[in-house]
Number of protein chains: 2
Amino acid sequence: MNDRREPTIEELRRFPLLSGLDEPGAARALAKARAVSVERGETLFRQGDPARRIWLCRTGQLKLYRLSDAGQEKIIAIINPGRSFAEATLFMPRRVYPVHCAALKPSELVGFDADDLVESLRDDPAACFRLLGTLSMRMHEKIDQIESLALQNAHLRVAHYLLDEYRKQGEPETFRLEASKKHIAGLLAVQPETFSRSLTALQRAGALDVDARVITVTDAHRLERAARGALDS
Amino acid sequence: MNDRREPTIEELRRFPLLSGLDEPGAARALAKARAVSVERGETLFRQGDPARRIWLCRTGQLKLYRLSDAGQEKIIAIINPGRSFAEATLFMPRRVYPVHCAALKPSELVGFDADDLVESLRDDPAACFRLLGTLSMRMHEKIDQIESLALQNAHLRVAHYLLDEYRKQGEPETFRLEASKKHIAGLLAVQPETFSRSLTALQRAGALDVDARVITVTDAHRLERAARGALDS
DNA sequence: ACCACTATTTGACCGGAATCAACAAACCGG
DNA sequence: CCGGTTTGTTGATTCCGGTCAAATAGTGGT
């Protein structure tokens, strides 16, 4: 974990918490902000560590995850460039990270000082509102995750995930999986073997083609039906 | 769903969003607040309904839940008196309820106008901070739920739930399940049959006694071990 | 380009938990 | 307090998806 070139103002503007600040608040946040880079596989923080910083991903990719006693890993979120994370720790009674974080690719980050951010927010209701919006959206995503874990079987979760990605990227003929199949399996709480079999089944059903990490949706309608539970015909 | 007696100021003070307001903000929030009561089984709102109100439970008990296509129900949260809910909808781009809500017992509620609350928050950073704290805590709870669904099997979830309740209530010899076994099963994403069998197993292991809805923890240490995955010996 | 390690796929097998069924107990509204 | 409905328990059976194993493909680093 090494220090690196300083973040530019333009980059920081993409950080929702600071996007409205030209003024003293931004200066203060910037002053103690620290550019950090991590290698592939390196751990940025561990669950339970004191959360002194809030993070913004500039480049690369990271995973937020939890581990079971047996060492099984559940990925809570995959962090891509432009995404900030760990904001919710700011307002927790015990300010610790609730998950582990490790880099899937070599990554550059900005770490903002938690106390400074709270200070900046104290007299900036607009920034508070932006943060409330961010957290609300995340909360909604978590509820969706809970639903899909509780109410959908493995193949449905896979089909749903692919359909979401397909739509999120504007329904292109072809799109790339955002991470390795192993990690996506971890995100969907499925074993890699099962994920592989799900993809095979969707191919055989004629819904899509898979070429390594590239997915080609050949029949969006069939994919939708698979996501609703009718992966036959 | 009928109107009822007006909420008192003291009751409203228990609402975290308003607890700091003696002033105009509280008056405004109170003005359009509406007391509502629902019968057992009645639906307060459905997933996707426009979220014009934020709710505070005064008496009774409600469930927040999602439904699968097949009609299976996953309970996201059980709402007891004093708890508010649906705050996160305030800051969503599309302001709709993300879950269904129905009463488990006859219940009295206060419904606050969403627009009014946003107005009150606009110039009250302290209230914003309280709300941020509330949402952060809920987020953390959701992450815990995701972990337990993804990384723990049915019996572990049950043991964990019981241990949590036991501790939450101050480790009393005896405590009451907060709802019917059917609903707790729904909260833990387990079939009622499986929940019943888990309780039987914990009894046979000598960890606790069950008398209808009353749980007596006879061996807390054993319960802890069961929650960690060693339900033998 | 080469090597070691990691990721992916496929097959065989097994076990946990859902489902189906039948009954017993508890509860609620009148 | 009664009757009907909902809730809870227990047994039998099924099957989804995890685990183990082994072979292959892919990747990053030097």
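Given N residues in the protein assembly as shown, what is Rg(Cα) / (2.2 N^0.38 Å)?
1.04
Once the Cα atoms of chain B are picked out, what are the Rg and Dmax in Å?
According to the Cα coordinates of chain B, Rg and Dmax are 19.6, 62 Å.
To the nearest 10 degrees, how steep is helix A:125-151 against the longest Cα principal axis of chain A, on a 0 to 90 scale?
Once rounded, the angle reads 30 degrees.
What is the dipole size for region B:81-233, taken about its Cα centre, with +1 at each Lys and Arg Cβ and -1 at each Asp and Glu Cβ, in debye to the nearest 20?
It comes to approximately 540 debye.
Tabulate in residue order the Karplus-calculated ³J(HN,Hα) for region A:183-193, using 6.51 cos²θ - 1.76 cosθ + 1.60 with θ = phi - 60°, rounded to whole Hz; enter x for Gly and Pro.
In residue order, the calculated couplings are 6, 5, 4, x, 5, 8, 6, 9, 6, x, 4 Hz.
Hey, could you pull the Cα Rg and Dmax for region B:153-228, both in Å?
10.9, 29
Over the whole of A:151-158, what's the average partner chain Cβ count within 10 Å per residue? Rounded to a whole number, please.
Going residue by residue through A:151-158 and averaging, the value is 2.
Report, in listed order, any pair from A:K63/A:K168; A:K181/B:K181; A:K142/A:K182 with a Cα-Cα distance greater than 27 Å.
Violating the 27 Å limit, Cα to Cα: A:K181/B:K181.
Taking only DSSP H segments of four or more residues, each worth -39500 (n - 2.57), what value at 222 nm results for chain A once the sum is divided by all its residues, to the nearest 500 deg cm²/dmol?
-12500 deg cm²/dmol
Note down the magnitude of the dipole of the protein assembly as shown about its Cα centre, charges +1 on Lys and Arg C-beta and -1 on Asp and Glu C-beta and zero elsewhere, to the nearest 20 debye.
Using Cβ point charges on Lys, Arg, Asp and Glu, the protein assembly as shown gives about 720 debye.
Once Lys and Arg get +1 and Asp and Glu get -1 on their Cβ, which of B:A103, B:A127, B:Q145 lies farthest toward the positive end of the dipole of region B:66-148?
Most positive-ward Cα: B:Q145.
Relative contact order for chain B: what percent, with Cα pairs under 8 Å and sequence separation of 6 or more?
Computed value for chain B: 19 percent relative contact order.
DSSP loop GluC sites (Glu not before Pro) in region B:130-224 with at most 12 other Cβ atoms within 10 Å of their Cβ, which ones?
Qualifying residues, ordered by number: B:E173.
So which trypsin sites (Lys or Arg not before Pro) in region A:65-104 end up in coil per DSSP with only 11 or fewer other C-beta atoms within 10 Å?
Sites meeting the loop and neighbour criteria: A:R94.
Which of the three applies to region B:93-148, rounded, prolate or oblate, going by the alpha-carbon gyration tensor with a ≥ b ≥ c and a/c under 1.5 meaning rounded?
oblate
Under a Cβ-only charge scheme (Lys and Arg +1, Asp and Glu -1), can you give me the dipole magnitude of region B:8-165 about the Cα centre, in debye to the nearest 20?
320 debye
Just name one of A:I54, A:F91, A:Y65: the one whose Cα is farthest towards the positive end of the charge dipole of region A:2-150 (beta-carbon charges, Lys/Arg +1, Asp/Glu -1).
Value: A:Y65.
Which Cys residues of chain A have no other Cys beta carbon under 4.7 Å away?
Result for chain A is A:C57, A:C101, no neighbouring Cys Cβ within the cutoff.
Taking the dipole about the Cα centre of region A:153-228, with the C-beta of Lys and Arg at +1 and of Asp and Glu at -1, give me whichever of A:Q169, A:V190, A:V217 is farthest to the positive side.
A:V190
FYI, it's all coordinate maths here, none of it is from the lab. Note that the structure is predicted; figures quoted are calculated from it, not measured. Counting neighbours? That spans all protein chains shown, and the Cβs are built from the backbone with ideal geometry, glycine included.
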